[in-house]
Amino acid sequence: MSAAIISNYSRLARPMIFIFALLLHVAAICFFSIKQKEEDVQTVDFSQADVFKLVDVQEYIQPKEPQSEEIVVQQPKASERVLETEKKVKDFDESAFLPQHKISSVPVIPIREVLSKIEYPPMALRQGIEAVVYLELFIDSKGAIKNIKVLKDPGHGFAEAAVAALKGIVCVPANANGKNCAVRYRYPIKFTLN
């Protein structure tokens, strides 16, 4: 009979031991998570806290809805006449200028004349900023700069100063196969402080 009691006991004891172990694990997890939360919470010492004041708080006022209709008095009428002129209007044609890699000799830009016309941007001068402006000059076959395109503008007024310094400058024209030609020429202007 004792063997039967032991076998019944072992059948009941296994699930009970399993349930007990499971409850023990759950209790341990809860205990450590509560302990961790207590460590995460920091105590605040209000005696050393800064006091913040709300100074510039304004009440939000909802904007008024605009009126649905506005009356315009004496509105000018659109012009219906087309003005004609006998002068030919020319658009700038970039295709007439050879790229720089197709020329035999590059144009010669009078550097001293350009340097004498350059004005250092005042804001950049006050801040001590130096920069390089990359330009693409469209120089015709007579050496006149017809158009200036800014390729890289560092800001602070450098590009405007570089373009202003090159306006009106006449160069020695580029040469391709022994003849003067119109060219697109990339030209850097470096602004440095002495």
Low-density loop positions, trypsin sites (Lys or Arg not before Pro), the stretch 126-173 - DSSP coil, at most 11 other Cβ in 10 Å: 142, 167
Burial order of peptide ranges 116-124, 154-162 (average beta-carbon count within 10 Å, highest first): 154-162, 116-124
Mean Cβ neighbour count within 10 Å, used as a protection proxy, ranking 97-107, 22-32 highest first: 97-107, 22-32
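Read-outs throughout are calculated quantities, based only on the coordinates presented, and are distinct from any laboratory measurement. This is a predicted model, so every value here is computed, not measured. Neighbour counts are summed over all protein chains in view; Cβ atoms, including those assigned to glycine, are modelled from backbone coordinates with ideal geometry.
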